[in-house]
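See structure below.
The values are calculated or read from the model by the stated rules, or taken from the named source; none is laboratory data. On a predicted model such as this, the values are computed, not experimentally measured, just so you know. So basically every Cβ, Gly included, is an ideal-geometry build from the backbone, and we count neighbours across all protein chains shown. Surface areas here come from the heavy atoms of the whole protein model, side chains and all, with no ligands, DNA or RNA. Shrake-Rupley method; radii C 1.70, N 1.55, O 1.52, S 1.80 Å.
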Amino acid sequence: MFIHLNVKSCYSLMNSIIKLDNLLDKTSRMKSTAVAITDINTMHTFYDFEQHALKKDKKCKNAKRDVIAPIFGITFMVKSQIPDEFFNLTLLAKNNDGYQNLIQLSTLANTNHQQFAYVTLDDLARFFQGLICLTGGEEGEIFYLVTHDRQDEAINYLKKLQGIYEKDIYLEVSNHNLPEEIEFLDSGFIDKALELGIDYVATNNCYYLRKEDAPYRSLAVSMN
């Protein structure tokens, strides 16, 4: 069973158009037992996500929908080792300690910087317990380095993340039929990650639920 681990909700403003109940309804129809919401730098949807997914609030119940296990996550913008660059990194809470550390990191991201929200590797190293790290897929630093013929740097960065998250790190692999993704898949980097003891996980970025909704998401992005 495929569980989506990288879904952005409409709380990722001007980026996703997915409404919470629509997401949960479709997840149930797909016979999937869980789903992760990983909005960018924010956790504004967490309370409603839990209430609706677990059907705790009578107003939220949908008789036709199964209970869905909510996976709480955030996609953070992380300051790169490359000057003036920032890349995505997704963190998922595996327990209450992880949930609390998502709160800490989200607070840091949204209060420490004037231009836009982001965290640093030092921030990640301070608040790592209870978190599972996904490396950002095609919007992550590792993907960028591999597809720019800088695999040695990608390995060094992966080792830094492994030093923080130990066994709780996965190389995030996605395939939206983009040429760069095929290049990454053919690069041999997955085998190098496996040699380090780092497994991989398949994700696809979800910003809308139906193919015909793509133009509306494009319109939202164009308004940024």
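Couple of notes before you dig in:
- Taken over the stretch 19-57, the criterion of being farther than 30 Å from Phe116 by Cβ and part of a helix (DSSP H, G or I) is satisfied by Asp25, Lys26, Thr27, Ser28, Arg29.
- Hits in the stretch 73-83 - residues which are part of a strand (DSSP E or B) and open to solvent by less than 30 Å² (accessible area, probe 1.4 Å): Gly73, Ile74, Thr75, Phe76, Val78
- Of residues in the stretch 176-187 being within 18 Å of His148 (Cα to Cα), touching a helix residue (DSSP H, G or I) at 6+ places or on another chain (Cβ under 8 Å) and part of a loop (DSSP other than H, G, I, E, B), the one least open to solvent (accessible area, probe 1.4 Å): Ser187
- Qualifying positions in the stretch 104-145 - assigned to a loop (DSSP other than H, G, I, E, B) and in contact (Cβ under 8 Å) with a residue 12 or more places away in the chain: Phe116, Ala117, Tyr118, Thr120, Phe127, Phe128, Gln129, Gly130, Thr135, Gly136, Gly140
- The set of residues in the stretch 133-150 being modelled with pLDDT of 95 or more and open to solvent by less than 40 Å² (accessible area, probe 1.4 Å) consists of Cys133, Leu134, Thr135, Gly140, Glu141, Ile142, Phe143, Leu145, Val146, Thr147.
- Boolean, Lys159 is surrounded by fewer than 22 Cβ atoms within 10 Å (Cβ to Cβ), more than 19 Å from the chain's Cα centre (by Cα) and under 14 Å from Asp199 (Cα atoms): yes
- Index of the failed condition, Tyr170 passing every other in (1) open to solvent by 30 Å² or more (accessible area, probe 1.4 Å); (2) at pLDDT below 95; (3) closer than 20 Å to Ile40 by Cβ: (2)
- Exactly one residue out of Lys56, Lys26 is over 30 Å from Lys160 (Cβ atoms), open to solvent by 40 Å² or more (accessible area, probe 1.4 Å) and in contact (Cβ under 8 Å) with a residue 12 or more places away in the chain, and it is Lys26.
- For the stretch 87-117, a residue qualifies if it is modelled with pLDDT of 95 or more and aromatic (Phe, Trp, Tyr), and the qualifying residues are Phe87, Tyr99.
- Residues (at pLDDT 95 or above and aliphatic (A, V, I, L, M)) located in the stretch 186-224: Ile190, Ala193, Leu194, Leu196, Ile198, Val201
- Lone unmet requirement of (1) open to solvent by 70 Å² or more (accessible area, probe 1.4 Å); (2) within 25 Å of Ile37 (Cβ to Cβ); (3) acidic (Asp, Glu) for Asp122: (2)
- Evaluating His148 against the criteria (1) of a type outside the set (Asp, Glu); (2) over 29 Å from Pro70 (Cα atoms); (3) in a loop (DSSP other than H, G, I, E, B); (4) touching a Leu at 6+ places or on another chain (Cβ under 8 Å) leaves one unmet condition, (4).
- Residue check for Glu153: open to solvent by 20 Å² or more (accessible area, probe 1.4 Å), modelled with pLDDT under 95 and part of a helix (DSSP H, G or I): no
- Complete set of residues in the stretch 84-98 that are part of a helix (DSSP H, G or I) and buried (at least 18 other Cβ atoms within 10 Å of the Cβ): Gly98
- Within the stretch 14-23, restricting attention to residues that are within 16 Å of Phe46 (Cβ to Cβ) and aliphatic (A, V, I, L, M), the residue that is most open to solvent (accessible area, probe 1.4 Å) is Leu20.
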